[in-house]
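Everything on this sheet refers to the single structure shown next.
The values are calculated or read from the model by the stated rules, or taken from the named source; none is laboratory data. What you see is a predicted model, and the numbers here were worked out from it, not measured in a lab. Ideal geometry is used to build each Cβ from the backbone, glycine not excepted, and the neighbour counts take in all protein chains shown. The protein model used for the area step is the full one, side chains on, heavy atoms only, and it has no ligands, DNA or RNA in it. Shrake-Rupley method; radii C 1.70, N 1.55, O 1.52, S 1.80 Å.
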Amino acid sequence: MREEDLLARELHAVVAGGSIGGLAAALALRGIGARVPVFERSAGRIQARGAGVVMQPEVEYLLERLGSSAAAVSVPLRRRQRIDRQGKIRAYDAPQLMTSWDALYRVLHHALPADTYHPGSKLVETAEEGDSVVSRFADGRAVTCDLVIGADGIGSAARVSAGIPGAARYAGYVAWRGLEPESSISERVLLTLRDAFTMYAVAGLQFLTYLVPGPNGETEPGRRRVNWVWYMNVTPETLPHALASRDGTRYRTLLPPGQLLRTTRLSLLESARQHLPTVLADLVGASNVFMQPVHDLPLTRMRAGRVALLGDAAGTVRPHTASGTSKAVGDALSLAHALKDWDPATPLPVEQLGVWERERGRHLRTVAAAGTQLAERSALGIPHAPQFLKDL
């Protein structure tokens, strides 16, 4: 054997998916000395798969490693409050930091060297060749590396190509969302919602709202945004009509802002007037609404050969746990820890990766079960519970 073959060499990993989970994986692996390009299928700005984010320890830890902090990208709230149909409020102290998907994305994306991020690069397949794995992209590019990280979401091409089973299932309800400048919302509405995490729920409906940083990370009063999410039971038969768009695109996982049909908006506003407290109905009426159907993708495996999955590519958790983002970041940090002593000139560290998969798999299953329980408390996703927008 040649002398140079005995020398340790640099770990080269490819990340498929340039959202928060993919960026976290790249940054964590770079922290152990790896070379990690990121390939994102979207050619332009990535659509946020959720607007508001509850700050969690895994995300806070990553921010600190990058020289930032949770406080720098968050709006502090002082209390939680429940509002009833008549607008009566019961509040209690519960300090909390609230951030946003785009605020986190901006910090993570800025921390990654520009020449390592490749937009408009859709993964087509992966193929193991000896001690390497080749990633092939729709633009004709092929990259040979030691490990592929699939952070490409619920429809993961990395998962399919690696032969890891998994099929997403509609959970029976959707999340209508809004993210509006604080300055565009009436003072009457803000007086009720400001500085609080506000909740409303009846059978088949749940509404949450709170303030998050502005579009460029602003946290000072008047420049922040009001984030809200309205969970609503919608039958599988109604769902395609709710997802119908102005431009005729057949959306499946996200109906973007500006694409809501006029007829759907009118039905949604009528439902708000019938079922929500007036202050929340007014907030919906003042918003550029977008929507995400809630899907379940149960965990089967997180790794096959030289392909590892994290975040929603491995399996989903319901949004009620406020842990989708933190789970993806935790997966990334733990994977980097499992690989930190690996010399790619030696065999794949199967034992360490097995420990990573078992530990993160247990975490995912625990959080996924908790999320389903939280949904069922509001009768969300239950077939015989009240259903809405059936006239679409």
Subject >> Using θ = phi - 60° and Karplus 6.51 cos²θ - 1.76 cosθ + 1.60, couplings along segment 365-381 (whole Hz; Gly, Pro as x) >> reply: 5, 5, 5, 4, 5, 5, x, 5, 4, 5, 5, 5, 4, 9, 6, 8, x
**OP:** Would you mind working out the accessible area per residue for segment 117-167, using a 1.4 Å probe, and quoting it in Å²?
**Re:** 42 Å²
Original post:
What is the spin-label model distance, in nm, from residue 90 to residue 343 if the labels are put 7 Å beyond Cα along the C-beta direction?
Top reply: 6.3 nm
**OP:** Give me the percent of the accessible area of segment 206-284 that comes from carbon and sulfur atoms, probe 1.4 Å, all protein chains in place.
**Re:** 50 percent
Original post:
For segment 46-205, which whole percent of the accessible surface, found with a 1.4 angstrom probe, sits on carbon and sulfur atoms?
Top reply: 52 percent
Original post:
Which of the lysines could a cross-linker span from residue 340 if the Cα-Cα distance has to be under 30 Å and same-chain partners fewer than 8 positions apart are dropped?
Top reply: 122, 327
Subject >> segment 290-358, accessible surface, carbon-and-sulfur percent (1.4 angstrom probe) >> reply: 51 percent
**OP:** List, in order, the whole-Hz ³J(HN,Hα) value for each residue of segment 308-314 obtained from phi through the Karplus relation with A = 6.51, B = -1.76, C = 1.60 and θ = phi - 60°; use x for Gly and Pro.
**Re:** 10, 10, 9, x, 5, 5, 8
Subject >> Residue-averaged [θ]222 nm for the chain, counting only DSSP H segments that reach four residues, each worth -39500 (n - 2.57) >> reply: -9000 deg cm²/dmol
Subject >> Probe 1.4 Å, protein heavy atoms only - accessible area per residue of segment 192-297 in square angstrom >> reply: 38 Å²
**OP:** Go through (i) 152; (ii) 137; (iii) 174 and flag the label whose value is the computed volume of the Cα convex hull per residue in Å³ for this structure.
**Re:** (ii)
Original post:
Between residue 122 and residue 42, what is the spin-label point distance in nm, taking each point 7 Å from the Cα along the Cα→C-beta axis?
Top reply: 1.5 nm
**OP:** Could you please state, rounded to a whole Å, how far the C-alpha centre of segment 204-227 is from the C-alpha centre of segment 338-355?
**Re:** 42 Å
